[in-house]
Amino acid sequence: MPLLFFSLLAFSLKAYAQELPEVSAEDVEKQQDSIGESIENGVNQFLYKHGITPTTISYHPNGEVLISTQYFKELKEQYMLLVEDVTQDEPSVDTLSTLRPNRSKFSDDGSFIIYNEIEDKGKKGQQTYLRKYSSLGEMERKRNLKEELNLGSLYYFSMDKDGIFYYYAFFGSSSDKNGIYASLCSSEPCTGAIPIYLDTEELIYFSPLRIGRNMLLMAVQGKNDSRLNGIYFARYRDGRWRLPLKVQGLRYGYSFDFVNDNIISYKEAVTGNVIFVRLDEILKSFPEDARERRRNPLNLNQ
């Protein structure tokens, strides 16, 4: 396991926003909650108005919302849409792609866009691309992460502010390599393919999102027992990732993303609805971790 990779993983994150000494933390959180509520209402109205069932939905710090629509075999259509300001009654919408399966995501800091496409199913199959993103008209050339990592198909991914790429790699239904991995992909090429949670005989671990210092949120599906389905919390401690714990009270879903520091969005599995939940509410179930802020350094070596 490369020492350079682990050294890079240990870099501290830059501050997400400048501290405002004259404004209390409580006031800042209330303001973020208000913004989050506005985005939540805007997203739900946009999806309902246009009859969209999302596969993935992601939020840029500047306000853009990236939506990949669900593929329906009968219609043979899928779209990757960029909505400029979802809080507006008539937001500007750009179609970035019509190639499926189009699972797509902004990196946490908005500097990258990551997405899946099938360009030629007979020859290349599904590919996963990363592009440097500034705005709609300012995206750099695409990098093929599947080729850089030399892995199977990549699904339900995220990238934190350290440039660490978390993803579910699928090699085949009978493979013992399927599971959640992490790689450093902020510079080219990606380095490392560190397994975090590999699927077991009973469980499938997928849709990882870093939520705190050495903490992940993920979806878990029971292969033969739906009672195991749920949203799970996991921590890295004493040199290894610990057994994931189920977050009680949350409806099962996946495709997690930060709306802002306080609010996480995800897609509910049964209805396809977009759910919004406070990070603080999740961490309340795990008191010893509740004080750890997600912008603290990530250190996989402690």
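The values are calculated or read from the model by the stated rules, or taken from the named source; none is laboratory data. Small disclaimer: the values here were computed from a predicted structure and weren't measured. When we count neighbours, we look across all protein chains shown, and the Cβ atoms used for this are built from the backbone with ideal geometry, even at glycine.
Numerical summary
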item: The stretch 274-288 - residue that is of a type outside the set (Val, Ile, Thr), more than 27 Å from Ile194 (Cα to Cα) and not in a helix (DSSP H, G or I) and, of those, modelled with the lowest pLDDT; result: Ser285
item: Enumeration of residues in the stretch 219-240 that are surrounded by 18 or more Cβ atoms within 10 Å (Cβ to Cβ) and at pLDDT below 95; result: Phe233, Ala234, Arg235, Tyr236
item: Hits in the stretch 258-273 - residues which are surrounded by fewer than 22 Cβ atoms within 10 Å (Cβ to Cβ), modelled with pLDDT of 90 or more and of a type in the set (D, E, K, R); result: Glu268
item: Total residues in the stretch 24-73, condition aliphatic (A, V, I, L, M), part of a helix (DSSP H, G or I) and within 13 Å of Asp85 (Cα to Cα); result: 3
item: Residue match in the stretch 249-261 (condition: hydrophobic (A, V, I, L, M, F, W, C), within 22 Å of Ile113 (Cα to Cα), touching a strand residue (DSSP E or B) at 6+ places or on another chain (Cβ under 6 Å) and not in a strand (DSSP E or B)); result: yes
item: Filtered residue count, the stretch 80-108, keeping only those that are in a loop (DSSP other than H, G, I, E, B), surrounded by fewer than 18 Cβ atoms within 10 Å (Cβ to Cβ) and either touching a Phe, Trp or Tyr at 6+ places or on another chain (Cβ under 7 Å) or not polar (S, T, N, Q) (or both); result: 7
item: Inter-residue pairs, beta-carbon under 9 Å, first of a type in the set (S, T, N, Q) and in the stretch 220-244, second exposed (fewer than 10 other Cβ atoms within 10 Å of the Cβ), 6+ apart; result: Asn224/Glu201
item: Among the residues listed as Tyr205, Tyr155, Tyr166, the single one being at pLDDT below 95 and either closer than 19 Å to Tyr115 by Cβ or part of a strand (DSSP E or B) (or both); result: Tyr155
